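The values are calculated or read from the model by the stated rules, or taken from the named source; none is laboratory data. Everything numeric here is computed off the predicted structure, so don't read it as measured data. Every residue, glycine among them, receives a Cβ derived from its backbone with ideal geometry; neighbour counts consider all protein chains shown.
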Amino acid sequence: MKNIFNTFIFFVALISLFSCEGKQLSNDSTMKSFYLSQEMIPIEISTDSQTTVMYNLSRTVDPERTIAYIEIAQGAVIRPNSLVNRDYTDNGVTYVIISEDGQSRSVYTFRAEPYDAELNPYGVYSVSNLNDIRDNLDESFILMNDIVMPDISTQNVTQVVGIDDYDIYGWMPIAHDTDTEDLFTEFQGDAFTGSLDGNNYAIKNLIVNRHENDYIGLVGFSTGTIENLTIEGVLVGRDYVGGIVGENGGEVFYSSSLSEISGDYNIGGLVGTNSGTITTSFSTGSVVGFEYVGGLVGLNEYIIEDSYSKSTVVASVSNVGGFVGSNDGEIERVYSAGEVSGEMGVLNIGGLIGIQTGTVIDSFWDINTSGQNISSGGTGLTTEQMMDKNNYSNWAFGDIWEIDESSEANPNPQNGGLPLT
């Protein structure tokens, strides 16, 4: 019996030996990917040092108590368990990955950098992150990717976005007007006073259908800073309607709106009313309104520089321009190239400016594409002349502006051969 037992043990050992020899155990102990929190914020793993510093976390993630989703090499093991809430502040959390064959180990440390308004703003990764800005109007935010807004017919869309009537009216502007009854009143509510850096990303499919509300845009009223942001959508409001912001009392620069905009009074492709500063920005798409209607801005009361509009503009009452409907401020080095039209009897229609008491310097409009030979300010050029940078005196080509000239070798230049920022 003892000999039989020993023979059995020998065969079991032999089978195990052949099984191990037949399988090549991995020596890989690398970390493939790291996502922080249930929001699945992607973190780029540092290859320069053992510690990965995590910047621009969303405001809704608590780095002192959160989990991580980590992908590691096949067959490897990781310690400690990343699916347990851990504190990523101060010294951070260190993970050790041991390869399948036990011969290799890698060490990774992750540390969350504290929020700083200038150096480390909150990251915006999702629709819910974007909606969270409305409750933190004095903070700083930065987009970390394109954001595509869900269609209003999407199942459970109000819970996904966090806006109770999104399924009916779409997006509620950040810093929206709380007075929904009175016409032509000043903004009621809290303005956006922080900063929003689009980081050269876009917010797409932004739908607003609030024709009984004023101050319509991604943001309703801003005295803060909005930069490097593109808006693509369809926005409908009553007064003070623009793609980026209904009324800007702060700064907007290096931003654009590729949208369909419509409303009644003070309607612009980028901004409805500007009482702040707009620079190096542009609009395309369409703008439709009653009065004070412009391709970029409906009513300008302060400064616009180095910007352009290719939006088509239509008004039914008065004060309509390819760039600005009414200008009471300062406009310098701008142009418009979209079609401008009005219903029969419309007053004060211009290729660049509808009406003005302000100043316009070194600015132009396309008399061919606009269909307008007159303007309350600026200089009219033919389409061919608009494509020649020699006609733009005092413009900073090579610094702020550039122009991709058309030729036989380049029959489809950028921006149709017109200047771009």
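Restricting Ser26, Ser99, Ser37, Ser33 to residues that are surrounded by 12 or more Cβ atoms within 10 Å (Cβ to Cβ) and at positive phi narrows the list to Ser37.
Could you go through segment 378-396 and let me know if any residue there is under 27 Å from the mean Cα position of the chain (by Cα) and either assigned to a loop (DSSP other than H, G, I, E, B) or at pLDDT 95 or above (or both). Yes, segment 378-396 contains a residue that is under 27 Å from the mean Cα position of the chain (by Cα) and either assigned to a loop (DSSP other than H, G, I, E, B) or at pLDDT 95 or above (or both). From the residues in segment 189-203 that are in a strand (DSSP E or B) and of a type in the set (S, T, N, Q), which one is farthest from the chain's Cα centre (by Cα)? Checking each candidate, the answer is Ser195.
Per-residue answers, yes or no, for (1) more than 16 Å from the chain's Cα centre (by Cα); (2) not β-branched (Val, Ile, Thr):
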| position | (1), (2) |
| --- | --- |
| Ile97 | yes, no |
| Asn120 | yes, yes |
| Asp132 | no, yes |
| Ile142 | no, no |
| Ile152 | yes, no |
| Gln159 | yes, yes |
| Gly162 | yes, yes |
| Asp179 | yes, yes |
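Could you grab me the full set of residues in segment 235-280 that are in a strand (DSSP E or B), in contact (Cβ under 8 Å) with a residue 40 or more places away in the chain and of a type in the set (Gly, Ala, Ser)? Gly246, Ser259, Gly268, Gly272, listed by residue number.
Report yes if some residue within segment 152-161 is within 22 Å of Val127 (Cβ to Cβ), touching a strand residue (DSSP E or B) at 6+ places or on another chain (Cβ under 6 Å), surrounded by fewer than 19 Cβ atoms within 10 Å (Cβ to Cβ) and of a type in the set (A, V, I, L, M, F, W, C); otherwise report no. Looking through segment 152-161, at least one residue is within 22 Å of Val127 (Cβ to Cβ), touching a strand residue (DSSP E or B) at 6+ places or on another chain (Cβ under 6 Å), surrounded by fewer than 19 Cβ atoms within 10 Å (Cβ to Cβ) and of a type in the set (A, V, I, L, M, F, W, C).
Would you mind listing the strands (runs of 3 or more DSSP E) fully within segment 61-134 where at least 1 residues are at pLDDT 95 or above and within 30 Å of Gln24 (Cβ to Cβ)? Break it down stepwise before answering.
Numbers: elements: 68-72, 77-79, 93-98, 105-112, 122-124.
Counting at least 1 such residues, we get 68-72, 77-79, 93-98, 105-112.
Out of (1) assigned to a loop (DSSP other than H, G, I, E, B); (2) within 26 Å of the chain's Cα centre (by Cα), what's the single condition that is false for Gly345? Evaluating Gly345 over (1) assigned to a loop (DSSP other than H, G, I, E, B); (2) within 26 Å of the chain's Cα centre (by Cα) leaves (2) as the failure.
Consider Ile168 carefully, then state whether it is within 13 Å of Arg210 (Cβ to Cβ) and outside any loop (DSSP other than H, G, I, E, B).
Numbers: within 13 Å of Arg210 (Cβ to Cβ): yes; outside any loop (DSSP other than H, G, I, E, B): yes.
Yes; evaluated as a whole, the condition is true for this residue.
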